[in-house]
Amino acid sequence: MPRTTDRYGELPEYVLARIPARKRALLARGVDVIDLGAGDADLAPPARALDRLAEASRMPAMHRYGFGLGLVEYREAISSWMQRRFGVAFDPMTEVVPLIGSKEGIAHLAFAYVESGTVGIIPEPGYNSYQGGTLLAGGEAYRYALRPRTDFLVDLDEIPDDVLRRARLLYLNYPNNPTAAIAPRDYLERIVARCQELDILLVYDNAYSELAFDGYVPPSIFEIDGARDVAIEFHSMSKTYNMTGWRCGWAVARPEVASALAKVKSFVDTGQFMAVQAAAVAAIESYDDFVPANIAVFRERRDAAVAAFRDAGFECEVPQATMYLWIPLPEGVASADFAERLMEDEGVIVLPGSGFGAGGEGFFRISFIAPPERIREAAVRAGRVLAGFESGVQS
Ligand SMILES: Cc1ncc(COP(=O)(O)O)c(C=O)c1O
């Protein structure tokens with residue numbers, strides 16, 4: 001067998017990869033498992049999307065290759081929604097890139113912009129396709145630890161000049177997975193200005209733009225002056241419409257950047273199933289009927305989670321967006337040990353902060369992917385495990 005490449009060898013283990021098998025084993029043992037692991041809601045997608053999928057799947061034309069173009073109607077729906085939601089105009093044919101989930105687009109973008117000797121600046125903890133793209137493209141990953149000290153924001157002034165000089169991509173994701181942090185507008189203005197000065201492409205991952213609470217309305221990076229010169233923004237159907245398994249998302253950017261991503265993709269995929277794209281149009285069209293009610297479900301879960309985890313002895317902030325709580329652990333309790341004990345002894349699946357990279361150590365993440373009563377039960381069990389660590393029983 002030939003050896004695998006050095007860049008392959010640089011990929012760390014993916015935190016979520018082992019969990020499905022562990023969960024199966026727990027269920028087989030008869031454990032009452034509460035899974036708060038992945039950002040993968042247990043809720044239904046819009047009914048109109050299901051109807052449209054069924055209808056479209058009966059049309060022979062939908063079963064042919066979509067190629068990069070895909071369904072023009074999907075491009076148009078994306079362009080209209082971006083205009084309506086953020087007040088930003090993107091040409092459906094030259095500035096929109098349909099994706100097979102935003103993850104693949106984020107990862108593939110690096111193949112157009114990163115090579116040996118260049119750097120991708122990667123917030124850590126952070127979504128794994130940032131380093132996946134940068135490392136597989138042969139670039140260097142500069143990991144910036146997101147900590148409470150900077151409100152979980154990347155401060156470019158803390159990054160060495162020689163790294164900034166070699167940086168091609170800066171990945172930012174607000175509302176943030178896993179910390180649930182949001183980015184103030186003046187921060188985004190400063191970042192756009194710095195990316196202009198440094199000639200860095202700002203990869204703005206807006207997967208959680210619609211999952212916000214209490215009147216907070218996350219912006220598009222393109223609401224910021226100058227962003228069109230330096231940014232590409234990624235969106236996903238996954239969280240907004242409970243459509244994670246459908247693999248549907250998009251990117252928007254000026255034509256040079258959009259076409260670079262589209263060209264890379266033309267060598268590695270042949271487009272999303274067009275019936276899925278048709279169904280995604282129906283989902284986007286059902287935004288007003290579907291999204292606010294869906295957010296209300298997540299808000300109820302968020303409130304239940306914050307109250308229950310506080311009652312159980314954890315400190316946690318009230319997140320204004322996302323489907324996550326990012327909960328600090330006491331000094332000296334390793335997040336992997338805590339998550340392991342919680343899974344093995346109590347049947348509760350959470351993600352250890354260290355699974356998102358060293359910058360995530362000292363925290364664990366829960367997702368609002370179960371009803372409030374199950375989240376409350378999970379918090380009680382987590383409290384027992386915490387008490388065990390605090391009394392030294394488990395340490
Ligand atoms: C921050 C972030 N970006 C992107 C994605 C990818 O979403 P998808 O590939 O399902 O569109 C996720 C999924 O969890 C995410 O958390």
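The values are calculated or read from the model by the stated rules, or taken from the named source; none is laboratory data. All of these numbers come straight from a predicted model, not from anything done at the bench. Positions of Cβ are generated from backbone atoms using ideal geometry, with glycine treated the same way; all protein chains shown enter the neighbour counts. When the accessible area is computed, the model is the full protein with side chains, heavy atoms only, and any ligands, DNA or RNA have been set aside. Shrake-Rupley method; radii C 1.70, N 1.55, O 1.52, S 1.80 Å.
Specify the residue that is farthest from Val297 (Cα to Cα); the eligible residues are those in region 314-332 that are hydrophobic (A, V, I, L, M, F, W, C) and modelled with pLDDT of 95 or more. Per the criteria, the residue is Leu329. For region 320-332, check the following and say yes or no: at least one residue is among the polar types (S, T, N, Q) and under 30 Å from Met237 (Cβ atoms). Within region 320-332 (the criterion being among the polar types (S, T, N, Q) and under 30 Å from Met237 (Cβ atoms)), the answer is yes, since at least one residue qualifies. Kindly establish whether Val276 is in contact with a His (Cβ under 9 Å, 6 or more places away or on another chain), among the β-branched types (Val, Ile, Thr) and either open to solvent by 30 Å² or more (accessible area, probe 1.4 Å) or assigned to a helix (DSSP H, G or I) (or both). So Val276 does not fit the description; no. Being open to solvent by less than 20 Å² (accessible area, probe 1.4 Å) and within 16 Å of the ligand (Cβ to nearest atom) holds for only one residue in Gly132, Gly139, and it is Gly132.
Residues in region 142-158 that are open to solvent by less than 60 Å² (accessible area, probe 1.4 Å) and away from the ligand (no atom under 16 Å from the Cβ): Tyr142, Ala145, Thr150, Asp155, Leu156.
Among the residues of region 201-241, those identified as over 19 Å from the mean Cα position of the chain (by Cα) and not hydrophobic (A, V, I, L, M, F, W, C) are Asp214, Gly215, Glu223, Asp225, Gly226, Arg228, Asp229.
Annotation: of all residues in region 139-178 being of a type in the set (Asp, Glu) and farther than 20 Å from Pro219 by Cβ, the one that is nearest to the chain's Cα centre (by Cα) is Glu140. For Tyr74, all conditions in the list (1) away from the ligand (no atom under 16 Å from the Cβ); (2) within 25 Å of Ala275 (Cβ to Cβ); (3) over 20 Å from the mean Cα position of the chain (by Cα) hold save one; what is the number of the exception? For Tyr74, the failing item is (1). Would you confirm, using the coordinates I've provided, whether Ser238 is in contact (Cβ under 8 Å) with a residue 40 or more places away in the chain, outside any strand (DSSP E or B), within 11 Å of the ligand (Cβ to nearest atom) and polar (S, T, N, Q)? So Ser238 fits the description; yes. Please determine whether any residue of region 96-119 is away from the ligand (no atom under 16 Å from the Cβ), surrounded by 22 or more Cβ atoms within 10 Å (Cβ to Cβ) and within 19 Å of the chain's Cα centre (by Cα). No: region 96-119 contains no residue that is away from the ligand (no atom under 16 Å from the Cβ), surrounded by 22 or more Cβ atoms within 10 Å (Cβ to Cβ) and within 19 Å of the chain's Cα centre (by Cα). Taken over region 204-233, residues that are within 16 Å of the ligand (Cβ to nearest atom) and assigned to a helix (DSSP H, G or I) amount to 1. Checking the structure you have, find out if any residue of region 285-298 is in contact (Cβ under 8 Å) with a residue 24 or more places away in the chain, more than 30 Å from Met62 (Cβ to Cβ) and open to solvent by less than 10 Å² (accessible area, probe 1.4 Å). Checked region 285-298: at least one residue is in contact (Cβ under 8 Å) with a residue 24 or more places away in the chain, more than 30 Å from Met62 (Cβ to Cβ) and open to solvent by less than 10 Å² (accessible area, probe 1.4 Å). Filtering region 9-18 to residues that are out of contact with any Leu (no Cβ under 8 Å at 6 or more places or on another chain) and open to solvent by less than 100 Å² (accessible area, probe 1.4 Å) leaves Gly9, Pro12, Tyr14, Ala17. Could you tell me whether Asp6 is open to solvent by 70 Å² or more (accessible area, probe 1.4 Å) and touching a residue at least 60 places away in the same chain (Cβ under 8 Å)? Criteria not met by Asp6.
Listed here are the residues, each with its yes/no results for (1) surrounded by fewer than 23 Cβ atoms within 10 Å (Cβ to Cβ); (2) of a type in the set (Lys, Arg); (3) free of Cβ contacts under 8 Å to residues at least 12 places away in the same chain; (4) farther than 30 Å from Gly37 by Cβ.
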residue: Pro160; (1), (2), (3), (4): yes, no, yes, yes
residue: Val163; (1), (2), (3), (4): yes, no, no, yes
residue: Tyr171; (1), (2), (3), (4): no, no, no, no
residue: Ala212; (1), (2), (3), (4): yes, no, no, no
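Considering only residues in region 241-273 that are farther than 14 Å from Gly68 by Cβ and assigned to a helix (DSSP H, G or I), the one that is nearest to the ligand (Cβ to nearest atom) turns out to be Thr244. Scoring Asp40 on the criteria (1) within 30 Å of Ala282 (Cβ to Cβ); (2) part of a helix (DSSP H, G or I) leaves a single failure, condition (2).
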